[in-house]
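Where a number appears in this text, it was derived from the coordinates with a stated rule and is not lab data. Remember, it's a predicted structure, so these values are computed and weren't measured experimentally. Neighbour counts are summed over all protein chains in view; Cβ atoms, including those assigned to glycine, are modelled from backbone coordinates with ideal geometry.
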Amino acid sequence: MAENTDVYKLLIVDDEAPLLQILSDAFTSEGFMVRTAADGEEGLAQALDWHPDLILLDIVMPKMDGMTMLHKLRATEEGKKIAVILLTNLSDSTKVYDALANGAFDFLVKANWSIKDIVREVKSKLQPQKAA
Amino acid sequence: MAETTELENYKKHIRDRIAAVSPVFAKASVGDFSGDLSEILEPEDDLTELFVGTQLLLESIRETIADLEATVAALREANEKIATEEARVESILNSLGDGLLGVDKDCRINYVNRPAIEMLGDKALTLWQDISSVFLLEDEATGKILSGDQHPIVFSVRGGKQMTANLASKEKYYLHAGRDRVRIAFTVTPIKKGEETIGGTVIFRDITGESNLDRAKSELVEVASHQLRTPLSTVKWYADALISPVAQLTADRQLNYLKKIYQANERMIHLVNDLLAASNLEIGTVSLVPELIDVSKVLEDTLPDLAEQMIEKKLTIEKKIDPNLSTAVIDPTAMRTIMQNLLSNAVRYSLEGQQIQVELKNQDNSVLLMIRDGGIGIPKQFHNRVFTRLFRATNARSAAPDGSGLGLYITKAMVERSGGQVWFESDENQGATFYVTIPKGE
């Protein structure tokens, strides 16, 4: 079968509960295994414990922000290779470029992307050989 | 013998003639040229020509004097006019809000008006100093005090070109005067005589106020757009999920999604209202009209708005209203805003199942409103920033990400403009008690 039947593990880290919920619902419907975290501290713990295939990471969060979490993640063996897509708002652009230097895979601006686009983006990052 | 007598007679005749005319010469020697020789021109003799010549001379002198006096009078009048005009110009220049400096072609100061002296200090009073040693200008980009050709005034005068720097300019200039460092706007204009630059004028003013207002507005816009993005994304994604769901959604889930959209929208409404209120306060377009207000009624009218949130968090409210409560004197909208802000904060930062206490007490000159909650409280290190614009404590941000940071800023402004006072007591995790005094009528 040409179809890839792997179930991917997705960690979503965002401090806004409604956004966390809708993304979680959408990706669950798409057949992903989803875990969520509401701040960088929780996100880092989950990432190191659960080893997700990809992380959707918000930047502005209390306790530990996305930038710091990414930095700490990349400093670990397991964390080096996890794909990370940053969720951001335009006003964070300087932070975004720093994060890209830190090995984030990509970034997207929340207000400009539809759920379908995000799902497509995540899938393409996880299955680069599959036709879009 | 006859000869001697003739000679004697002639000598006497001459002497008589000279004696007749000497008063005129005596007067002339002291500057009085009014003498008249016409009476003694006759009879004609050897002296007549001399006397006629003298007469003409005296006339000519008199005419010349008259001309000179007329000229002097005219000059005096002209000088008076100039002096009056100079005094007028001087008073205009000194009543300008802006500082004015004049320089010669070598950039040495040859004029300062009073506002300039006030801004630059007494050292500006010494004329003929090089302008770059009195008008100490820092370019924000380099942080250095400019000198020589780098000094905009010197550059402008030497180059014969006008230059302006103001709030809109990319370059920011700071004037160093004594211990002050103020941002200024200025215009340098060379004074030209034909093609040659013979000096320059500098007009300048302190734009600290404008600069702060400008920055405050940009900050407000930046924060607004940042805070709006989350509810905008929420509405977008939930609506998207309802319109074209990946899999069929249950009716429960659909309702839940619609509620999320509604709440996000409410958040945006509150945010925009807060921003407008804060903006109006900043710009000064708020006009408060005090009326006789029953504060307990305002309390009752505000509670229903919070009912849903209170039910969700299982909060109760205890009201203690002084039976002798007088009417307060305050603008009704201001009172509503104050009540709403403080009550919604109490609800927002309470923990589940807690009680909120509201008390209204009658005091001598005011009504005291007290609102107490037992929730997350305000840590001591943030106490001095609580009422500042856009400030939110970190624990507040974690507990309730959807605050604007403007509520207490607006509340304080409203209270103080209405003649009251607001203060609080709080500790982290020990809840918070807010007190407001509202003035009473008579």
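The residues listed here are B:325, B:299, B:276, B:303; of these, the one that is part of a loop (DSSP other than H, G, I, E, B) and away from chain A (no Cβ under 14 Å) is B:325.
Among the residues of the range B:289-302, write down those that are touching a residue at least 40 places away in the same chain (Cβ under 8 Å) and closer than 16 Å to residue B:340 by Cβ. Explain how you work it out, then say what you get.
So the first thing to find is which residues in the range B:289-302 are touching a residue at least 40 places away in the same chain (Cβ under 8 Å), and the list is B:289-293, B:295-296, B:298-299, B:302.
Answer for the range B:289-302, where residues must be touching a residue at least 40 places away in the same chain (Cβ under 8 Å) and closer than 16 Å to residue B:340 by Cβ: B:293, B:295, B:296, B:298, B:299, B:302.
Hey, any hits in the range A:23-35 for a residue that's more than 14 Å from every other protein chain (Cβ to nearest Cβ), under 14 Å from the mean Cα position of the chain (by Cα), under 21 Å from residue A:121 (Cβ atoms) and not acidic (Asp, Glu)? The answer is yes, given that some residue of the range A:23-35 is more than 14 Å from every other protein chain (Cβ to nearest Cβ), under 14 Å from the mean Cα position of the chain (by Cα), under 21 Å from residue A:121 (Cβ atoms) and not acidic (Asp, Glu).
Scanning the range B:305-335 for residues that are of a type in the set (Gly, Ala, Ser) and free of Cβ contacts under 8 Å to residues at least 40 places away in the same chain returns a single hit, B:307. Looking only at the range B:420-434, residues that are touching a strand residue (DSSP E or B) at 6+ places or on another chain (Cβ under 7 Å), more than 15 Å from residue B:339 (Cβ to Cβ) and either surrounded by 21 or more Cβ atoms within 10 Å (Cβ to Cβ) or in contact (Cβ under 8 Å) with a residue 40 or more places away in the chain (or both) come to 5 in all. Looking across the range A:48-70, the residues that are within 20 Å of residue B:398 (Cβ to Cβ) and within 14 Å of chain B (Cβ to nearest Cβ) come down to A:58, A:59, A:60, A:61, A:62, A:63, A:64, A:65.
When residues in the range B:123-136 are screened for being without any contact (Cβ under 8 Å) to a residue 40 or more places away in the chain and not in a helix (DSSP H, G or I), 5 of them pass.
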